[in-house]
Every structure is written in structure tokens, then in C-alpha cells.
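One structure is given here, and the rest of the page talks about it.
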Amino acid sequence: MNPESLTRPLRVLRVCLHLLVGALLVVVAGRALAGQAPHRAAVLAASAALAVGYAVGAALPLVRRSRRAAAAWLAALTVGWLVLLGLTPDGVWLAFPLFLLHLHLLPVRWGIVAVAATTVAAVGGVVAHQGAVTPGVVLGPVLGAAVSVGTVLGYQALYRESEHRRQLIEQLTATRSELAAAEHAAGVLAERERLAREIHDTLAQGLSSIQLLLRAAQRALPERLDVAGDHVEQARRTAQDNLVEARRFVRALAPPGLDGGSLPAALRRLCATTAARSGMAVDCDLDGTAVRLPTPHEVALLRIAQSALANAVRHAGATRVEVTLRYRERGVVLAVVDDGSGFDPGAVAGRGDGGFGLAAMRARAEELGGTLTVESTSGRGTALTVAFAHPYDGAPVGA
């Protein structure tokens, strides 16, 4: 419940209390005028003084802000009420609004004590006027006091519950904001990791090839201008391909190698390009019937093949690489095997240069539920295998 929804009824109750006090004072004064009471003038004066004192206190903001000012005002009203009760038994009617004022303006404990004292005074005043104790004389003030205490305490409990709920809602809102910020930060980190892998597997490898080609051109330029020209042309094409890759990253589309063709065709083009740039023999084989895979799986397999071939060129010193794509009933397997120098996979994974390529390939496979295995021995080459279980997306496609 909103505290605002409790504040509005409180204003209405306050206005009703003012009207009740005014109406009761008018009734007491009217009965004094209509009757033949010996203290008629005193009753009228006490009623008028009580009305003025009540109106002044209700209009003063200090009474609502200060407990001390509220207690002084209540004490003055109580004294005026006792005077009126001593003059006429009709003054007992004003005990009920006094109960509400005591409970509203004083602390709960002192408010209940004040209500009890006012109840005793009300019963005693009526008994003094009537000269006898009757059930009605006792039950009227006692029931009025009980109703007042129950109403005010119930409202206060409701208000406390509302405040508690408001605090809980604020805490939940703050927690939700913190959770959203944490999720955003996690998403940013994941996206940065993804972009790092994409750049490493494409732009970084392409730029590395450009560097190697230009160095080869630099060495061959003085003796063989035709060979140097071929290297420069290959470097230009590589730069053009990487420019296309960069634009594709911005548009978050599939890699250009998969545009308009199947994964086996893209792997064949990759192997042919790698062979032309490096002079290394690269074979590409297809085992099984090619089927369409989900785009994330095709992208991952192509990127892993790119990274594996780049490692074979840059680090392994291989003369031959075999790339095999196998389609099976239970999944798809990509194997890249070279005859290079080999390495210790455990030692390379801890380095900050070439080890990033293996970590990126493994992360790509695991994100899609696949597995990546690297088998290598020093001097015996390297075999990299990545497998995805049941990633098939459609019907067979042409290779």
C-alpha cells in the first residue's frame, strides 16, 4: 500500500474530527440556551472558549510539528473540557474527539494513559451530575475509548506496514537496477571477448599474412620484380578481404566466406587461399553428405579452421596440412592435421601470444556445446579436432 493512499484518508478524518468538535460544541451550547440550567451563561462561555482554543491549535503548524506544543495544546483543551464537564453533563460528548486527539498527537503509551484518564474523568463527571452510577454512564465513555484506541492503533499498524512495504519496494528497485547494471557489464565483457576472437581469427591473421607477404616482397624486390609483384598483389587482395570482414563485423552479419555458399565451399576457398599465400600444401576433404548447419556453428567451424591454418603457417613451419570436414549422423567433426614441428599444448595455453588462439578456438566450441581437442608432440605435427553433436539445421546442400 502506498503511504499516499493513507495520507488522503487521514486528511479526511482530520476534517471530520474538526466538524465533529464544532457540531458537539454547538449542540452543547444549544441545549444550554434551550434549557433552564443555572450555569447557562458559563456553559456558553466555556463552549466558546473551547471552540476558540481548538480552532487556534488546529490552525497552528507548530502543534503538528512539535510534540511539546501538541501536549500543551491538549492540556489546555483538557482543562477547558473539564470545566465544561463540571458545568454540564453534556460535556461528556466531547470525550470521544479528545480520545482521538490524545492518541494521534501523543506517543502511544502516553496517549493510552491520557485516554484512560479522560474516560475516568468523563464517567466521574456524569456520575457527579446524576448522583447515581448506571450501566449507560459507564459503558458509553468506556466503549468510546475502546473504539478510539482500536481505530488509531489499527491505522498506525497499517501505516507501519505500508512504510515497510515501501522500503522493500525501494530495495527491490535498487537491487533490480544493480542486477541490470551487472548483466550489462557481463554482456559488455562477453561482447568484448567475442570481438577479440573475431579480430584474432580474421583481421589479425589477415594482417599477419600481409606483413609476411610484404617482407617476402621486400626480400625479392631487388632480384625478382615479378615475384615481388605477385606478393604485393596477394597482400592487396588480403587487405581487401579484411576490409570486407571489418564492414561485416559492424553490420553483425555472417562472415563473407559463407555468403552465397556452403561451409565445405568456404573451407575449400580458405585452403586454396592459404596455400597460395604460404606456399604450403593444403588439402581439403569432405566426408559424408554436406547438410546445412545453423549459422553460429558454420561460423565457428570456419573461424576455427582459419585460426588453425594460421597457426600452422606462423608457428608450426608445416609443409602440408589436411583439413577434413566429416558429417555424421550424430554430429559434425572438423579435423586440421599438419606435419609441423608440434608443441606442448599445456605450455602454449599459458602464454599470452599464440595461446590466445587455442583459448579462443576452445571458447568458440564450448559456447555452442562442442568440444575441441588438440593432440601434438614435438617434432610430430599437430592434430586439432572440433566436434558438434546434432547441430543440423536442414536438408543436404551441394558441396
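The values are calculated or read from the model by the stated rules, or taken from the named source; none is laboratory data. Predicted model only: the values in this text are computed from it and were never measured. Glycine gets a Cβ as well: all are built from the backbone with ideal geometry, and neighbour counts include every protein chain shown. Surface areas here come from the heavy atoms of the whole protein model, side chains and all, with no ligands, DNA or RNA. Shrake-Rupley method; radii C 1.70, N 1.55, O 1.52, S 1.80 Å.
Within the stretch 258-305, the set of residues being surrounded by fewer than 19 Cβ atoms within 10 Å (Cβ to Cβ) and assigned to a strand (DSSP E or B) comprises Ala281, Asp283, Asp285, Leu286, Asp287, Val291.
Within the stretch 318-341, is even one residue aromatic (Phe, Trp, Tyr) and either part of a loop (DSSP other than H, G, I, E, B) or at pLDDT below 85 (or both)? Taking every residue of the stretch 318-341 in turn, none turns out to be aromatic (Phe, Trp, Tyr) and either part of a loop (DSSP other than H, G, I, E, B) or at pLDDT below 85 (or both). What residue, among those in the stretch 61-70 that are of a type in the set (A, V, I, L, M, F, W, C) and at pLDDT below 85, is farthest from Ala117 (Cα to Cα)? Here the answer is Leu62. Restricting the stretch 30-51 to residues that are among the aliphatic types (A, V, I, L, M) and free of Cβ contacts under 8 Å to residues at least 12 places away in the same chain leaves a set whose member that is surrounded by the fewest Cβ atoms within 10 Å (Cβ to Cβ) is Ala34. Just wondering, is there one or more residues in the stretch 141-156 that are assigned to a helix (DSSP H, G or I), open to solvent by less than 30 Å² (accessible area, probe 1.4 Å) and touching a residue at least 60 places away in the same chain (Cβ under 8 Å)? For the stretch 141-156, residues assigned to a helix (DSSP H, G or I), open to solvent by less than 30 Å² (accessible area, probe 1.4 Å) and touching a residue at least 60 places away in the same chain (Cβ under 8 Å): absent.
Please enumerate the residues belonging to the stretch 89-110 that are of a type in the set (D, E, K, R) and surrounded by 21 or more Cβ atoms within 10 Å (Cβ to Cβ). Give the derivation first.
Restricting attention to the stretch 89-110, the residues satisfying the condition of being of a type in the set (D, E, K, R) are 90, 109.
Residue satisfying the conditions is Asp90 alone.
Take the conditions (1) of a type outside the set (Asp, Glu); (2) in contact with a helix residue (DSSP H, G or I) (Cβ under 6 Å, 6 or more places away or on another chain); (3) modelled with pLDDT under 90; (4) within 30 Å of Val232 (Cβ to Cβ); Ala300 misses just one of them, which is (4). Filtering Val27, Val12 for residues that are modelled with pLDDT of 85 or more and either within 19 Å of Phe96 (Cα to Cα) or surrounded by 12 or more Cβ atoms within 10 Å (Cβ to Cβ) (or both) leaves a single hit, Val27.
Look at the stretch 164-191: where a residue is more than 25 Å from Ala360 (Cβ to Cβ) and touching a residue at least 40 places away in the same chain (Cβ under 8 Å) and a partner is of a type in the set (S, T, N, Q) and outside any helix (DSSP H, G or I), sitting 6+ places away or on another chain with Cβ atoms under 9 Å, you get Arg165/Asn2; Arg166/Asn2. Filtering Val137, Val127, Val113, Val133 for residues that are open to solvent by 70 Å² or more (accessible area, probe 1.4 Å), assigned to a helix (DSSP H, G or I) and out of contact with any Gly (no Cβ under 9 Å at 6 or more places or on another chain) leaves a single hit, Val113.
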